[in-house]
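Readers should treat all values here as calculations from the given coordinates under stated rules, not as data from a laboratory. Just so you know, these numbers come straight off a predicted model, no measurement behind them. Neighbour counts are summed over all protein chains in view; Cβ atoms, including those assigned to glycine, are modelled from backbone coordinates with ideal geometry.
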């Protein structure tokens, strides 16, 4: 165990506060559902009966309890790793090793520890909770295959990113953080372009949409909004899950539309078009570009702070390190950033929810009716066992989309106003 000074004590205190707040918001959400989730909301009166609502609530409660156990274990284990002294020992063992392989070994150790901790939880969630409610369709073979592929992808990308970063810290002088920031942004944009064509096909099969009428409707919708779509694909999501979804991917001329085959099976053409109209709203409102700008600003600040903290001797000593290799400094910057990120999360979620509302309203302008999107949201909520009664505090910290009942309420108000004005 490392000795605790005032700096480390302050960090541990803030870290435990974030853990307590996370636990509290989950418990509040759980109690709120137990108290208010027994009655079918008016918006779902003709779609969900009390027996189905009870099943949806059990699914939500099981996931909340699971998240409490998983996050609690992961947080305390991370704290144990920080305080145990194993990382200072590892850094000292690598002291005579070239900085590049030493940094890669250091982060590989952390990555393997993290993956080993996540492994049993991921298995339990997929093959116990998701299986219990009929969502899991993946086999053990597919689960293992996905795990291996994910580790390989992370290893390749992580090696490239970390190697470039360490090289810039070592050789780019005092302004290394500017070069690192530019490289990070370039990598983000490159991954947005390469993901749909290189990475995603490693895990799923993408085939051209085989419904001519639906494809024609999608093309007409996209053309009407002056969108150049490279392809419309359906993804074999049902090999792994029965959850439904659809999304746009790629940038510029590489934009593609991807529909889960589970979505095609469960929804009619008008409902699917309503979902895509919402996604078009994100594109036309430049939400992807705005998110990239926000990420670039946050990362610029983070890289600048990292450049100052890498030479801050007290930071290393507080966490038990007697030497100051750059890769340890980068790790410690991430350690300090985690609790900061927790408190900034509500701001990011609020911006995301604002974007979602804008996309909803844009879809209404395209379709001039809210009925298809409202119908789709209700069916997706039913099919995906969505929590219909989240607590506002939990929403504030965790929801990237407005709660379903809130969305349905303003969508139905739009249709009501149209009918009144006719």
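Rounded to the nearest 0.05, what FRET efficiency do residue 115 and residue 357 give with R0 = 35 Å and r taken as the Cβ-Cβ distance? Could you check? Present the calculation step by step, with values, prior to reporting the outcome.
On the way: r = 37 Å, r/R0 = 1.05.
So the FRET efficiency works out to roughly 0.45.
Simple spin-label model, 7 Å along Cα-to-Cβ: residue 194 to residue 84 in nm?
Placing both labels 7 Å along Cα→Cβ, they lie 3.3 nm apart.
Taking the chain as a Gaussian network, where each spring joins two C-alpha atoms under 10 Å apart, which residue of 190, 53, 273 fluctuates the most?
Residue with maximal mean-square fluctuation among 190, 53, 273: 190.
For the range 13-81 and the range 149-173, what is the separation of their C-alpha centers, rounded to whole Å?
Here the two parts' Cα centres lie 36 Å apart.
Using the eigenvalues of the Cα gyration tensor, what equivalent ellipsoid semi-axes result for the range 292-393 when each is taken as the square root of five times the eigenvalue, whole Å, largest first?
One finds semi-axes of 44, 17, 10 Å for the range 292-393.
Taking 8 Å as the Cα distance limit and 6 or more residues as the minimum spacing, I'd like the relative contact order of the chain as a percentage.
Details: 387 pairs, mean separation 95.0, N = 422.
About 23 percent, as a whole number.
Quickly estimate the mean residue ellipticity at 222 nm for the chain, helices only: each DSSP H run with n ≥ 4 gives -39500 (n - 2.57), and the total goes over all residues, rounded to 500. Provide the component values of the computation, followed by the final result.
Numbers: 15 runs with 296 residues, N = 422.
Result for the chain: -24000 deg cm²/dmol, rounded to the nearest 500.
Could you calculate the contour length gain from residue 163 to residue 93, that is, 0.36 nm times the residue separation minus the distance between their Cα atoms, to one decimal place in nm? Don't jump to the answer; show the numbers that get you there.
Details: separation 70, 0.36 × 70 = 25.20 nm, distance 1.97 nm.
Length gained, residue 163 through residue 93: 23.2 nm.
If you stretched the chain out fully between residue 245 and residue 187, how much longer would it get, using 0.36 nm times the residue separation minus the C-alpha to C-alpha distance? The partial results should precede the final answer.
Working: separation 58, 0.36 × 58 = 20.88 nm, distance 2.64 nm.
Additional length available on full extension: 18.2 nm.
So if R0 is 45 Å, what FRET efficiency would residue 308 and residue 215 give, r being the distance between their Cβ atoms, rounded to the nearest 0.05?
Working: r = 54 Å, r/R0 = 1.19.
E(calc), rounded to 0.05, equals 0.25.
Calculate the spin-label point distance for residue 203 paired with residue 270, positioning each point 7 Å from the Cα along the beta-carbon direction, and give it in nanometres.
3.4
Under 10 Å, Cα contacts only: if you run a Gaussian network model on the chain, which one of 26, 46, 368 comes out with the highest mean-square fluctuation?
Sorting by GNM fluctuation, first place goes to 46.
So, in nm, how far is label residue 324 from label residue 286 when the simple model puts each one 7 Å beyond its Cα toward the Cβ?
Taking the simple label geometry, residue 324 and residue 286 are separated by 4.3 nm.
Rounded if a/c is under 1.5, else prolate if a/b beats b/c, else oblate: with a ≥ b ≥ c from the C-alpha gyration tensor eigenvalues square-rooted, which is the range 67-161? Don't jump to the answer; show the numbers that get you there.
Details: a/c = 4.09, a/b = 1.68, b/c = 2.43.
Verdict is oblate for the range 67-161.
For residue 228 and residue 128 in one chain, what is 0.36 nm times their gap in residues minus the Cα-Cα distance, to one decimal in nm?
On the way: separation 100, 0.36 × 100 = 36.00 nm, distance 4.24 nm.
Here the answer is 31.8 nm.
Between the range 197-235 and the range 284-307, how far is it from one alpha carbon centroid to the other, in angstrom?
Value for the Cα centre distance between the two parts: 29 Å.
Provide, as a two-decimal number, the C-alpha radius of gyration of the chain over 2.2 N^0.38 Å, N being how many residues it has.
Details: Rg = 23.9 Å, N = 422, 2.2 N^0.38 = 21.9 Å.
Working it through for the chain, the quotient is 1.09.
For Cα pairs less than 8 Å apart in space and 6+ apart in sequence, what is the mean separation divided by the residue count of the range 278-408, i.e. the relative contact order in percent?
Values: 76 pairs, mean separation 42.2, N = 131.
Relative contact order, the range 278-408: 32 percent.
Determine the percent antiparallel among the DSSP beta bridges restricted to the chain, to the nearest 5.
Numbers: 8 of 13 bridges.
Antiparallel bridges: around 60 percent, rounded to the nearest 5.
Of 196, 120, 402, which is the most mobile in a GNM of the chain whose springs link Cα atoms less than 10 angstrom apart?
With Cα springs under 10 Å in the chain, the top fluctuation among 196, 120, 402 is at 120.
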